[in-house]
Amino acid sequence: MTCAHVVVADRCQKCGDMPSGRDYNAEPESITSGPNYHRNGVSGTGFNVFGFTYEGKDLIAVVFPGQGNIAVINPADLQEGWRGDTFETFFRQALSD
């Protein structure tokens with residue numbers, strides 16, 4: 001059985017492996033929604049949300065202000081780890097267009 005890799009700071013929290021081979025300029029197969037801006041209450045930091053498809057999976061990107069502040073989530077499997085920086089270039093560009 002292979003590990004589903006829950007990666008934090010380049011190291012899998014389940015098996016200790018350091019998975020590599022990710023394309024750090026990855027582009028989604030399709031954008032299914034967004035960007036949608038959320039103010040995050042009266043004092044929180046606002047963020048943008050995109051729905052997208054990648055490798056046949058429906059994912060969500062949460063993009064906060066500032067380089068490196070992006071999360072990618074698979075709502076069907078919340079324990080599956082995705083590196084936000086893999087998609088950062090694409091989503092930051094999409095917000096600036």
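Points worth noting:
- Flag for Asp85 being at pLDDT below 90 and either surrounded by 13 or more Cβ atoms within 10 Å (Cβ to Cβ) or aromatic (Phe, Trp, Tyr) (or both): yes
- Criterion violated by Leu78 - all others in (1) surrounded by 11 or more Cβ atoms within 10 Å (Cβ to Cβ); (2) out of contact with any strand residue (DSSP E or B) (no Cβ under 6 Å at 6 or more places or on another chain); (3) at pLDDT 90 or above satisfied: (1)
- Flag if Ala71 is surrounded by fewer than 16 Cβ atoms within 10 Å (Cβ to Cβ), assigned to a strand (DSSP E or B) and touching a helix residue (DSSP H, G or I) at 6+ places or on another chain (Cβ under 7 Å): yes
- Scanning segment 14-39 for residues that are closer than 16 Å to Tyr54 by Cβ, at pLDDT 75 or above and assigned to a loop (DSSP other than H, G, I, E, B) returns Asn25, Ala26, Glu27, Pro28, Glu29.
- Neighbours by Cβ (under 6 Å, 6+ apart or cross-chain): first from segment 50-64, at pLDDT 95 or above; second among the charged types (D, E, K, R): Thr53/Glu29
The values are calculated or read from the model by the stated rules, or taken from the named source; none is laboratory data. Predicted, not measured: the structure shown is a model, and the values here were computed from it. Positions of Cβ are generated from backbone atoms using ideal geometry, with glycine treated the same way; all protein chains shown enter the neighbour counts.
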